[in-house]
Amino acid sequence: MCFVIDYKDSAPKIAKRNIVCYKILDNNLVSICFNFQYEIGKTYKHIDLVATYEWGCYNAYIEKGYHSYIKIYNACYDNKVVVKCHIPKGAIYYKNKERNEYVSSQIKIVEKCVL
């Protein structure tokens, strides 16, 4: 999955506090796109967020990072598990307001959500 950054809001942010967010995983807590195994209660290591800008394009793209949703209702997906997460204080992140998404350099999986 590729995270899109709008040129109007292309500056990275640093989390001043833990930011609540949500991820979609399968029933075994494996990510849908990258087949990455997550565990409840674990904080995942720092990933450098690299924004790629294309000439003549108004957007930038980030390939690697921890993708999540701003609101729980954006994370609802048929036959999938939604987990509550935190972007930890001090982590670098980008926000896409139109898609209601974050991409961050770190993430902590907090708990499964009951929908």
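Nothing in this text is a laboratory measurement; each read-out follows from the coordinates by a stated rule. None of the values given here were measured: they were computed from a predicted structure. Reconstructed Cβ throughout: ideal geometry from the backbone, glycine too, with neighbour counts over all protein chains shown.
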For residue 85, net neighbour charge (Lys/Arg +1, Asp/Glu -1) across residues whose Cβ lies under 10 Å away: +2
Determine the sum of side-chain charges near residue 101: Lys and Arg each +1, Asp and Glu each -1, restricted to other residues whose C-beta is under 11 angstrom from that of residue 101. +4
If amide hydrogens are placed 1.01 Å from N in the peptide plane, which non-local residues have theirs closer than 5 Å to the one on residue 64? 50
What does the extension gain come out to for residue 80 and residue 14, with contour length at 0.36 nm per residue minus their alpha carbon separation? 20.8 nm
Taking the Cβ of residue 18 as the center, what net charge do the other residues with Cβ under 10 Å away carry, scoring Lys and Arg +1 and Asp and Glu -1? +4
With the cut-off at 25 Å, tell me which of the pairs 16/80; 23/45; 42/97 have Cα atoms farther apart than that. 16/80; 42/97
Taking 8 Å as the Cα distance limit and 6 or more residues as the minimum spacing, I'd like the relative contact order of the chain as a percentage. 39 percent
Size of electric dipole in the chain: Cβ of Lys, Arg +1 and of Asp, Glu -1, about Cα centre, debye, nearest 20: 540 debye
Please name whichever of 90, 10, 50 sits farthest to the positive end of the charge dipole of the chain, dipole taken about the Cα centre and charges placed at Cβ: Lys and Arg +1, Asp and Glu -1. 90
